[in-house]
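Peer 1: Please see the structure below; I have some questions.
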Amino acid sequence: MLRSLLAAGTALALAGAAHAQSSGPAAGTVPPSQQTQAPAGGLILPGTVAPTQGVAAPTPAPQAPAAQQRPAAQAPAAQPQARPQQAAPAAAAQGAPRPPAKPAAALAEWEIAPQVFSDGSFKLCAAENKFDNGLFLILMANADKRLNIMIAKQGGGFPPGQRFPVKLRIDGKSKIERERGAMTASPEVIMTGVGDDQEFVKGLGTGSALFVEIPGDTAAFQLKGTAKMTADLMGCVDKAKAGQLQLPPPPPAMPPQLANILVQAGLKDARAIPVDKLAPEQRPGDFAWQLGDKIVGAVRYFRPPAEAGDLTKLSQEFVDSLGKSCQGTYTPALKAVENLPQVELRTGSAGCVQKEGGNVHVAMLMYKAKDGTFAVFTHEATDAEKAKAEEASAGIAKVLRELAKKPPEQPQGQAGQQAPAAAAPKKQ
């Protein structure tokens, strides 16, 4: 039952009112139906959390190939634009898409490289290039050679989590059209899935231009040189699966600044759980850790709209939604909201006495930051480990109270340096 209560509850949390800042697949590149799930056991990484500098909610390094100053492509891809030079989102706009002046030309050779999960195993291969309209076109193929298309724009300002229809069109000797769903999942990237559509993949290599249309906007890219690129991309997958490629170092399963919060809270023996290998609906949070054998800690970040309300309302909705996953008697208990200089903070707990035994206790800490981020820290345990779960939650609450008293640091050219309620980190 461990993790199942939270996994089900957070899937229901704030339904219709809030959405995760970086919702979507692992590292935002492969839809849940296409992900490789972790086998039972073996999820816990060895070693302990090491102290690091910085105490804020961090932003992990991007995982796509490092081409020419490309924006972070951790999450689903970038939104196409009415004007190729700006790629401003217009997913809410209605009407026929505006045609671009002409398909943009690539500025360099395609860069192709493998990516890995946080346990070091092969995840996907990515090909990317920058075009003279200011956009990056990124193609990502997972181990099953299912393809996602991402478009990125530095400083795009796209609203995370927005979903909208997209039309993909390849022009050339044979005209290919597809209608798909797309989403924004970071301020700079949107994504749409192609899957194992072999006709479309072949068309990318033989067509003259790719057009990506959303309501009100269009982005277009010349496909010169893409025959070799698509062959090399799929060859990268084959070689990586066969162990013939040198894989990059794995990203951390837990960002350093979050790890530092756990260390300051006295949780030096926390072991990071690589949630990027789990489907989103199975994850206990955006980042997770294990204490001993029976306590799972996690943090999940949301970006609710302004009308979603204050922390009192948000926390109550979260706790109520969590109760819908309890198959038995559900008992929540929330303390009063604490109004701190930088955040509103609230602690509490919830218990689930199951009909078939195996009771679950969840210690909770929630805060809403000045920038609107709503964060939920949880520690889930059996009744026997209840006191330890509460102690862990209290330790984190103490650290966050101290951080909330300090004036926010100004970012020095790097996101995620404000404490403690900086913009939520991008998910693994």
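The values are calculated or read from the model by the stated rules, or taken from the named source; none is laboratory data. Since this is a predicted model, take the numbers as computed values, not measurements. Heads up, the Cβs are rebuilt from the backbone with ideal geometry, glycines too, and the neighbour counts pull from every protein chain shown.
Peer 1: Filtering region 279-306 down to residues that are part of a loop (DSSP other than H, G, I, E, B) and more than 12 Å from the chain's Cα centre (by Cα), which residue is surrounded by the fewest Cβ atoms within 10 Å (Cβ to Cβ)? Please lay out each step first, then the result.
Peer 2: Narrowing region 279-306 to residues part of a loop (DSSP other than H, G, I, E, B): 279, 283-286, 292-294, 303-305.
Next, from what is left, pick out any that are more than 12 Å from the chain's Cα centre (by Cα): 284, 292-294, 303-305.
On the way: P284: 27, G292: 11, D293: 8, K294: 14, R303: 20, P304: 20, P305: 12.
Looking at residues that are part of a loop (DSSP other than H, G, I, E, B) and more than 12 Å from the chain's Cα centre (by Cα), I get D293.
Peer 1: Name the residue that is surrounded by the most Cβ atoms within 10 Å (Cβ to Cβ), counting only residues in region 351-393 that are within 28 Å of the chain's Cα centre (by Cα), within 22 Å of K268 (Cα to Cα) and of a type in the set (V, I, T).
Peer 2: Of everything passing the filter in region 351-393, T378 is surrounded by the most Cβ atoms within 10 Å (Cβ to Cβ).
Results for (1) more than 30 Å from D171 (Cα to Cα); (2) at pLDDT 95 or above; (3) aliphatic (A, V, I, L, M); (4) not assigned by TED's automatic domain parsing to the domain that holds G205, shown as yes or no for each residue.
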{"site": "T218", "(1), (2), (3), (4)": "no, no, no, no"}
{"site": "G225", "(1), (2), (3), (4)": "no, no, no, no"}
{"site": "D232", "(1), (2), (3), (4)": "no, yes, no, no"}
{"site": "C236", "(1), (2), (3), (4)": "no, yes, no, no"}
{"site": "Q246", "(1), (2), (3), (4)": "yes, no, no, yes"}
{"site": "P256", "(1), (2), (3), (4)": "yes, no, no, yes"}
{"site": "N260", "(1), (2), (3), (4)": "yes, no, no, yes"}
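Peer 1: Could I ask something else about it? For region 138-157: of the residues being crowded, with 23+ Cβ neighbours inside 10 Å and in contact with an Asp or Glu (Cβ under 7 Å, 6 or more places away or on another chain), which is farthest from P215 (Cα to Cα)?
Peer 2: Here the answer is I138.
Peer 1: Right, something else. For region 205-213, indicate whether the set of residues that are free of Cβ contacts under 8 Å to residues at least 24 places away in the same chain and under 24 Å from the mean Cα position of the chain (by Cα) is non-empty.
Peer 2: No, the conditions are met nowhere in region 205-213.
Peer 1: I've got another one for you. Since G357 meets every condition but one in (1) outside any helix (DSSP H, G or I); (2) under 23 Å from V275 (Cβ atoms), which condition does it not meet?
Peer 2: Of (1) outside any helix (DSSP H, G or I); (2) under 23 Å from V275 (Cβ atoms), only one is false for G357: (2).
Peer 1: Considering only residues of region 307-326 that are part of a loop (DSSP other than H, G, I, E, B) and surrounded by fewer than 16 Cβ atoms within 10 Å (Cβ to Cβ), which is modelled with the lowest pLDDT?
Peer 2: The qualifying residue modelled with the lowest pLDDT is K324.
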